[in-house]
């Protein structure tokens, strides 16, 4: 489901909630006794409906978790290291500050074959950063945290060629909004 | 042993007056801080709208830190003070401790003001480790120390306050009774008011959260004092989000205490504890400890079963809230001989905001959705919904009720309608811009939007129009309620 579709779903549910509250508020214009038995029945229906819907959504969405599955081998591995305030992105491991400087200053952008399954191995040399991949149209496709001392593995299959931007999605200091990286799919 | 309730002696008139003065003081502090902090939020949207292009971004982040910490702290202490006042019907908390906490809070806030506005300390309200130790040349060392010190002062004050309220409850009810476990077993005696039950649940959770905060502070100081000790970033993240999640949620629950206690007075119908209410709030006590995992979905190294547990807990914690509290609030009002005043309207709208914010939060707590919503504007969208349009309205409703009760001044019905309209249109319009930003991939916590997400600038500009309406509503509200609280302060010895 696209984020805009999720927004529409939310908007629809929010309007339903607001209408229910409005109708209940308007009901006070005509005072009446509450039929607690009927209210109890309605509550039961609400309970089972809500629990059922939530369980169904769990069933639908949990298999779509983005975490890497063992046994599936990616076509490419790309190493990413965040550091205030840039992402070093390279097909060779980045293990030192000097290598990070070299990649961010001189290395050409990584190029990934279209349609290949790529695994980004993401870490940080200082604070927490958020490694997020934006499509050539500026849509957020996926993300994972860049955390000091840990490597998060994000797998993506990018079927559209073009320039992909990496923005930082975890607040990391005074130039957080300028922290970025880039790679190409072709 | 049979469960017993030790009924507290009725307060003397002088004691009541003293509680009113104390509560009026807390309400005035809350009502003074609210518009100031709201303007700080407006300042952030002005910067994001590119209307202050020469401003250094570190000022944006320092203000962001102050706005977040200020709002979270203000509504927590406001809720604690209001709930303490409500609980004096049943138990006897210490006034001295509440005054002491007020002093600690004022001192902590002053230190935070210096830390952020002089020291330019900008780490966000939950100060994610190890950012406080990586200033990137912006804030000096003393600012980090002062920040940790101010948190320690606030933490000690708030913990003592929470412990004292629990002590007062435990003195009249045993904790087992206060948690209404006998209702779950089918007994209704001794009677436990919902305010006592929910406050007990909230404060036990609060103490767990404060314990996490103490561990964070100790570990941070250990590392920063040059002992050679280095913290584990994932452990610190878990601790920080546990603390933050619990603090925000219990503030919400304390707001709900006020609704349970005050709204029935306007609908002329009782709202009592029963088996279902007892089960619901005990379930919340359990699930709130695990729901925080949803803040760490994007930390892929966290064990997968923990991530699944986070989604399950986040989904099902909404069931007791919706089926018991929100549904019961609707039954309470449906067809009632309702007295619609500023207080009852705001409380009712607060429950609605809690429900709508809850829908947005449940959506975001879906791992597959969070992949594209995490740390976008969807996050401030949903937490501002159940804060600004939820607990804040509940608390403003309580302050209006309190001011009215003490001052006995009649309400201006026309002004009430105008304030309500401004709050609803300004508040939800402001939120809509956040939601649209989130749906269109705009990151949160950006002082300046880069080319890829320039739509964020337009959303910020439109949001400012709605903020202006909201602010006007707040000013009118302060005129109506603030002066009544001031009168309550002056007329209580």
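The values are calculated or read from the model by the stated rules, or taken from the named source; none is laboratory data. Everything numeric here is computed off the predicted structure, so don't read it as measured data. Methodologically, a virtual Cβ is constructed for each residue, glycine included, from the backbone with ideal geometry; neighbour enumeration extends over all protein chains shown.
Data for the structure
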read-out: Any hit, the stretch B:331-339, residues being closer than 22 Å to residue B:315 by Cβ and more than 7 Å from chain A (Cβ to nearest Cβ); value: no
read-out: Given (1) buried (at least 20 other Cβ atoms within 10 Å of the Cβ); (2) part of a helix (DSSP H, G or I), number of the condition residue B:123 does not satisfy; value: (2)
read-out: Enumeration of residues in the stretch A:1-49 that are closer than 24 Å to residue B:342 by Cα and facing chain B (nearest Cβ under 8 Å); value: A:14, A:17, A:18, A:20, A:21, A:24, A:25, A:27, A:28, A:30, A:31, A:32
read-out: Conditions (1) in contact (Cβ under 8 Å) with a residue 60 or more places away in the chain; (2) crowded, with 23+ Cβ neighbours inside 10 Å; number of the one not met by residue B:387; value: (2)
read-out: Residue that is under 30 Å from residue B:329 (Cα atoms), crowded, with 17+ Cβ neighbours inside 10 Å and touching a helix residue (DSSP H, G or I) at 6+ places or on another chain (Cβ under 8 Å), where the choices are B:162, B:213, B:143; value: B:162
read-out: Any hit, the stretch A:171-185, residues being more than 7 Å from every other protein chain (Cβ to nearest Cβ), under 18 Å from residue A:107 (Cα atoms) and outside any strand (DSSP E or B); value: yes
read-out: Among (1) more than 29 Å from residue A:170 (Cβ to Cβ); (2) surrounded by 11 or more Cβ atoms within 10 Å (Cβ to Cβ); (3) modelled with pLDDT of 95 or more, the one test that residue A:32 misses; value: (3)
read-out: Any strands (runs of 3 or more DSSP E) falling wholly within the stretch A:88-136 and containing at least 1 residues that are in contact with a helix residue (DSSP H, G or I) (Cβ under 6 Å, 6 or more places away or on another chain); value: A:129-134
read-out: Filter result for the condition that a residue is modelled with pLDDT of 95 or more, more than 18 Å from the chain's Cα centre (by Cα) and either facing chain A (nearest Cβ under 8 Å) or within 30 Å of residue B:410 (Cα to Cα) (or both), over B:312, B:323, B:351, B:359; value: B:312
read-out: Meets criteria (more than 9 Å from chain B (Cβ to nearest Cβ), within 21 Å of the chain's Cα centre (by Cα) and either surrounded by fewer than 16 Cβ atoms within 10 Å (Cβ to Cβ) or at pLDDT below 95 (or both)) for residue A:71; value: no
read-out: Selection from the stretch B:271-302 of residues that are within 10 Å of another protein chain (Cβ to nearest Cβ) and assigned to a loop (DSSP other than H, G, I, E, B); value: B:297, B:298, B:299, B:300, B:301, B:302
read-out: Every residue from the stretch B:440-466 that is surrounded by 21 or more Cβ atoms within 10 Å (Cβ to Cβ), under 25 Å from the mean Cα position of the chain (by Cα) and part of a helix (DSSP H, G or I); value: B:460, B:463
read-out: Enumeration of residues in the stretch B:335-350 that are surrounded by 24 or more Cβ atoms within 10 Å (Cβ to Cβ) and within 13 Å of residue A:21 (Cα to Cα); value: B:346, B:347, B:348, B:350
read-out: Considering residues of the stretch A:149-167 that are at the interface with chain B (Cβ under 8 Å from one of its Cβ atoms) and under 16 Å from residue A:104 (Cα atoms) only, the residue surrounded by the most Cβ atoms within 10 Å (Cβ to Cβ); value: A:167
read-out: Only one of B:74, B:65 that is within 14 Å of chain A (Cβ to nearest Cβ), surrounded by 22 or more Cβ atoms within 10 Å (Cβ to Cβ) and within 21 Å of the chain's Cα centre (by Cα); value: B:65
read-out: Residue match in the stretch B:47-58 (condition: surrounded by 22 or more Cβ atoms within 10 Å (Cβ to Cβ), more than 19 Å from residue A:173 (Cα to Cα) and touching a residue at least 60 places away in the same chain (Cβ under 8 Å)); value: no
